[in-house]
1. What's the magnitude of the charge dipole for the stretch 204-330 around its Cα centre, counting Lys and Arg as +1 and Asp and Glu as -1 at the beta-carbon? Answer in Debye, nearest 20.
2. Write down the Å³ per residue value for the convex hull defined by the alpha carbon atoms of the stretch 483-585.
3. May I ask for log10 I(q)/I(0) of the stretch 508-563 at q = 0.26 Å⁻¹, from a Debye sum over the Cα atoms as equal point scatterers with solvent left out?
4. Sort 179-192, 267-280, 151-164, 501-514 by packing, meaning the average of other beta carbons within 10 Å per residue, with the highest value first.
5. Could you compute the FRET efficiency for H525 and I195, with r as their C-beta to C-beta distance and R0 at 22 Å, rounded to 0.05?
6. Collect residues whose amide H, placed 1.01 Å from N in the peptide plane, falls under 5 Å from the amide H of Q462; neighbours closer than 5 in sequence don't count.
7. What's the magnitude of the charge dipole for the stretch 377-598 around its Cα centre, counting Lys and Arg as +1 and Asp and Glu as -1 at the beta-carbon? Answer in Debye, nearest 20.
8. If the chain between V406 and E226 were fully stretched, how many nm would it gain, using 0.36 nm times the residue separation less the Cα-Cα distance?
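Nothing in this text is a laboratory measurement; each read-out follows from the coordinates by a stated rule. What you see is a predicted model, and the numbers here were worked out from it, not measured in a lab. Backbone-built Cβ (ideal geometry, glycine too); neighbour counts: all protein chains shown.
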Amino acid sequence: MDIIHLLPDSVANQIAAGEVIQRPASCLKELVENSLDAGAKRIQVIVRDAGRTMLQVIDDGSGMSETDARMAFERHATSKITNAQDLFALRTMGFRGEALASICAVAQVELQTRRAEDEVGSLLEIHGSEVVRSEACTCPVGTNIKVSNLFFNVPVRRRFLKSDQTELRNLLTEFYHIVLVYPKVAFTFVHNDEILLELPVGTEKQRIEAIFGNPKRNVFTSGFVEVSTDTELVSIRGFVVKPESVTRKAEQYFFVNGRYMRHPYFLKAIQTAYSGMLPNDYQPSFFIYFDIDPEAIDVNIHPTKTEIKFADEQTIFQILMAAVREALGKFTLAPQIDFDTSGSIDIPLPSDKPVSRPQVAVDPNYNPFHSRSTYTPPRQNIEHWQSLYEPSRPASEIRPEEGGIVLTESMVESCPLWQYGGKYILLPAEGGLVFVHQHRAHMMLLYHQLIEQLSQTQGAMQQLLFPEVYTLQPDEMVLFEQLLPDLRAIGFDAEQLSADSYSIQGIPTQMANQSALPVLQTILHAVRERGANTQQEWREQIALSLAEASAIAQNKSLTEMEMRDLVLRLIRLPFYRLTPDGKTILFVLTDEDILKRF
Ligand code: ADP
Ligand code: MG
């Protein structure tokens, strides 16, 4: 008896699906790329339970004819290439004709699609490669694909999926990779009825700002410099972070011909361009877009691989490094700089004018990517930050109130101090009168202490006499459980009471006698609102909320000793002019300003 036979299509498709569709994020990528290939100008992504239950992509692209709609789900059915030659001139995202076949092999898919020239559209429902419904329908021009119960027929894969937070993070990562190269297409991302991202049509800059910008500080405008170079081989454009705006969590993105790619070798080129400018363990953030003849790169043959081979990598390495150096050079030649002396790194001055040596202060806690949001900062804010980073001012013109006064410990130890308005600490320094916001100064100290404790898991706990019961919504519960190890690390003692409640039996000693619940709620809210995704980020939010809640009140009167102690501890911090969320802690009324008043 012959033993070799052809696998039925449904089985072959399931096997292929294992390669192409590994998780909801790969499904999202394939569907959105199809929408883009279809020329969509507006794409909506609607997700339920991180894509496990439902993942829907709605576009206003070309749509499909009735026959094409049926064909689209066949393996190797594609409208994008017809022969092997086409592979090398590829400008569309998809070409293998495998994605839809794979998706419908492992999910329940409903498709509605209509071309502009057709009066009625087509509706198609496919469960595990089997067409269960096929009829005409009324629907808008474009394509609407709904993928439900991914891996419903492949339990192993379903079990293999990670937690909802992780899968949602994967979805967003995949989404960023795409939307960052299509600023001319509007996108929406909805998860469990909540709009997570609303991205209008704009420039690349605006797109980046809309995703990563921090509403408080408009970091994108102020924190990055533009890179741009054109050579015969390649053109490189994009943005790289200014050394002083560097953050713990680096956002590193390379794109080539409109696709995201990973490229460790080119990453090295950027790191080399920054050498000596960043503190140890810090990585630069960047968004770099390469444009190159498609023939000079190895086409992304495998749909899930993001590494791309270039024909002339060494030369491009050099071009990229030079371009980034030049961009950073332009910026460092114009010192728009903070004179903080501690925790700083040197950037050489272009001339030897007799001015104080400018330094770039690096705030290790400052994360410009705290918040995902479509918020546009108030105009005034933008101008403020732009003025701080004005590119063309010589160092000699830097005015002391921007940081020219160096507060030394001996100065603070010996000068008189006053409390003003129950809110501010005033102290005369050489060159001006220093105003310190007492609540924020204290908050900054607590923040540093808490971050330290979080990294060492050694927060001190104060037992509560009367435990408080904390009742949570299901989604809050998920988040709370994720944060729990860190909350315990800084001194919260919580024990689960029921499916939706915890008993809070102890609080961090910093909180003195405060009630636990409002603080916990603030923490949860902050973590969610500011889109803290990594442990580092949510620790920052925990520390910030807790510090905010526990810092001395605005109208608490302080003794001279307390004030001195507070200011001394403040100025020992590596960075103390702004709180981690960008509020002023301290400013100087300079001698010059005072003189002008008379
Ligand atoms: P590929 O994108 O590699 O061609 P897919 O399986 O992803 O393969 O899609 C198969 C075909 O279905 C595409 O070539 C395209 O003609 C059609 N198609 C898929 N999605 C859409 C869409 N959103 N709008 C219009 N046509 C689509
Ligand atoms: Mg495709």
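1. On the way: 15 positive and 16 negative charges, 145 e Å.
Here the size comes out at about 700 debye.
2. 129 Å³
3. Values, matching the q order: -1.01.
4. Details: 179-192: 19.1, 267-280: 15.7, 151-164: 14.1, 501-514: 17.5.
So the order, starting with the most tightly packed, is 179-192, 501-514, 267-280, 151-164.
5. Working: r = 17 Å, r/R0 = 0.77.
After rounding to 0.05, the efficiency reads 0.85.
6. So Q462 has HN proximity to I507, T509.
7. Working: 17 positive and 28 negative charges, 86 e Å.
It comes to approximately 420 debye.
8. On the way: separation 180, 0.36 × 180 = 64.80 nm, distance 3.12 nm.
Computed gain between V406 and E226 is 61.7 nm.
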